[in-house]
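Working notes for the structure below.
The values are calculated or read from the model by the stated rules, or taken from the named source; none is laboratory data. These numbers were taken from a predicted model, which means no experiment stands behind them. So basically every Cβ, Gly included, is an ideal-geometry build from the backbone, and we count neighbours across all protein chains shown. The protein model used for the area step is the full one, side chains on, heavy atoms only, and it has no ligands, DNA or RNA in it. Shrake-Rupley method; radii C 1.70, N 1.55, O 1.52, S 1.80 Å.
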Amino acid sequence: MIPPLVLDIQPHHKILDMCAAPGSKTAQIIECLHRDESNPIPSGFVIANDVDNKRCYTLVHQVKRLESPCFAIINHDASNLPNLKFRDGNISFDRILCDVPCSGDGTLRKNPDLWKKWNPGHAFSLQSIQLRIATRGIQLLAPGGLMVYSTCSMNPIENEAVVSQLLQTFQGQISLVNISDKLPGLRTIPGLKSWCVIGKNQDIYNSFEEVPKNMQSLARPNMFAPSNDILEQLHLERCIRVLPHHQDTEETSQKRPAEENVFNEDGANFKRARYHRENPFIFFEEKDIKGFWQEISEFFGVDPSFPADQLMTRIASDSGRNIYFVSDSLKEIVTLNQDRIKFINMGVRLLVRTDLRNDKDKRSLRLSQEGIAIINKYFSKRRIQLEQQDLLILLSHAHTQFANLSQSVQNQIQNISNDLGSVICLFNIKQHDLDIPIIFVSWRGRSSFRPFVSHSSRKFYLSLCNIDQMTINDIINKLTIEEKTSNQKNDVS
Ligand SMILES: C[S@@+](CC[C@H](N)C(=O)[O-])C[C@H]1O[C@@H](n2cnc3c(N)ncnc32)[C@H](O)[C@@H]1O
């Protein structure tokens, strides 16, 4: 999608996505933040917000698969978003996406139902919240930062009129950036400099003076284009309109003001939305790190440089907890703001509770595949280097007996002790001049291995091993049957 592309996101950026659900653009933003694959924990972060509590969980679902320790989901009215405390003061964001709620008439091609409901009056009621959200965005933007304002509507009231109002309100502090060279190959047209306002009954007004008295509370002066002398200074032609029929797609309009000055605002009041009560985010304290985590560290050979203070749980008691990891910036943001901001979700799951309920030791937790990129460089024990034949056997079955694996793997199993529990399996695929590391978590049972690899990842790894598509489909079908018939309880004991 276009809005995240023009934000030019770098791994150190502090980013706010103001109206983020369902999250397709948030996912794109997180991917850009992680553009340097050699560093799984960039210093930047993404705060993704939506006012709708239910939609926040759709957002969780959408972004969890990206396994990033650098994002948090919050649930607030973006037009009243309180300042977030961070380090020495409040956060000013380097990048903001303001993808506001809109009438959606740019999606008429894919949503034929909209044709029946659409009414030019929709834009009247939406413009005020669009303007308030964008205004709050600019107040939260760092000097020199970039904000993209976007809608999927074609109506100038929701687009150029909002941008024009912002430019006038923040005169001399923000300006539109010319992005005409940023999207090569994309057919766009410049923002409008003149437009009329269409009333509920399809009447056309060219200026506010033409609006009848009984309509003046709906069609307000800021919905009209400003006078020519003001217009000249705004450069609305720098807005871009991506019209559906030009690309054979949907509409997106984008405006990109760049702030040159900071606005300070003391703790805005905000209404608490009705929501489902979340468990708190509880970070490891000294006693957890010296006690419980010490045992885990010995078991997996965790390097002392691992930042264990960035681990957290969602339940205070010791038993049966999953353990998550977040970046140090996010830890700070949550710690400083948890009492005033509704955090919904964050963190990558590193360890997961198993069914070994009576077993109080570290074996009752298994490594999670989600966190493998983070722990890989810190965990030195319980690592098994596979040969290609082992990889193929493991990926083709739900469980594999040790005896069916290569002698080298059998020797490694003996060397890592008799303890049941998670192991990290490693294999390097050589393709052309590239070394592609494959790394996944398996459970070492008494006599068998069980890889925790999703079907889609298995398909991907098998195709990297040059297995043809028909064979891969066969393997996955057999695996599905094997998984259905296997007794889940036996395989961890
Ligand atoms: C156009 S959608 C956002 C689409 C999203 N950016 C994406 O790419 O998937 C607008 C979103 O704004 C949310 N919203 C509406 N009013 C809001 C407000 N006052 N504050 C924050 N979010 C709001 C809606 O719940 C909706 O999820």
Meets criteria (without any contact (Cβ under 8 Å) to a residue 60 or more places away in the chain, within 23 Å of TYR324 (Cβ to Cβ) and not basic (Lys, Arg)) for ILE424:
yes
Within region 34-60, considering residues that are buried (at least 18 other Cβ atoms within 10 Å of the Cβ) and away from the ligand (no atom under 16 Å from the Cβ), the one nearest to PRO101 (Cα to Cα):
PHE45
Near pairs, Cβ below 7 angstrom, 6+ apart or cross-chain, from region 143-158 (within 14 Å of PRO244 (Cβ to Cβ) and at pLDDT below 95) to any residue that is in a strand (DSSP E or B) and open to solvent by 10 Å² or more (accessible area, probe 1.4 Å):
CYS152/THR252
Going by the conditions given, is ALA27 under 23 Å from CYS152 (Cα atoms), open to solvent by 10 Å² or more (accessible area, probe 1.4 Å) and either at pLDDT below 95 or under 14 Å from the mean Cα position of the chain (by Cα) (or both)?
no
Within region 61-89, restricting attention to residues that are at pLDDT below 95 and more than 21 Å from the chain's Cα centre (by Cα), which residue is least open to solvent (accessible area, probe 1.4 Å)?
GLY89
All but one of (1) open to solvent by 10 Å² or more (accessible area, probe 1.4 Å); (2) not in a helix (DSSP H, G or I) hold for ILE424; which doesn't?
(1)
Give me the pairs, please: first residue somewhere in region 216-230 and more than 15 Å from VAL163 (Cα to Cα), second residue anywhere and crowded, with 16+ Cβ neighbours inside 10 Å and aliphatic (A, V, I, L, M), beta-carbon distance under 6 Å, and either six or more positions apart or on two chains.
ALA219/VAL197; ALA219/VAL211
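Got a sec? Which of PHE300, PHE306 is of a type outside the set (A, V, I, L, M), in contact with a helix residue (DSSP H, G or I) (Cβ under 9 Å, 6 or more places away or on another chain), closer than 22 Å to ASN376 by Cβ and modelled with pLDDT under 95?
The conditions single out PHE300.
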Taking region 61-84 and keeping only residues that are away from the ligand (no atom under 13 Å from the Cβ) and either in a helix (DSSP H, G or I) or of a type in the set (Val, Ile, Thr) (or both), one is left with LYS64
Members of region 432-452 found to be surrounded by fewer than 19 Cβ atoms within 10 Å (Cβ to Cβ) and of a type in the set (Val, Ile, Thr), listed by number
ILE436, ILE438, ILE439
Within region 1-33, the count of residues that are in a loop (DSSP other than H, G, I, E, B), in contact (Cβ under 8 Å) with a residue 60 or more places away in the chain and within 8 Å of the ligand (Cβ to nearest atom) comes to 4
Find all pairs meeting these conditions: Cβ atoms under 7 angstrom apart; at least six residues apart or on different chains; first residue within region 95-107 and in contact (Cβ under 8 Å) with a residue 40 or more places away in the chain and more than 16 Å from VAL148 (Cβ to Cβ); second residue near the ligand (Cβ under 7 Å from one of its atoms) and not basic (Lys, Arg).
GLY104/CYS152; THR107/CYS152
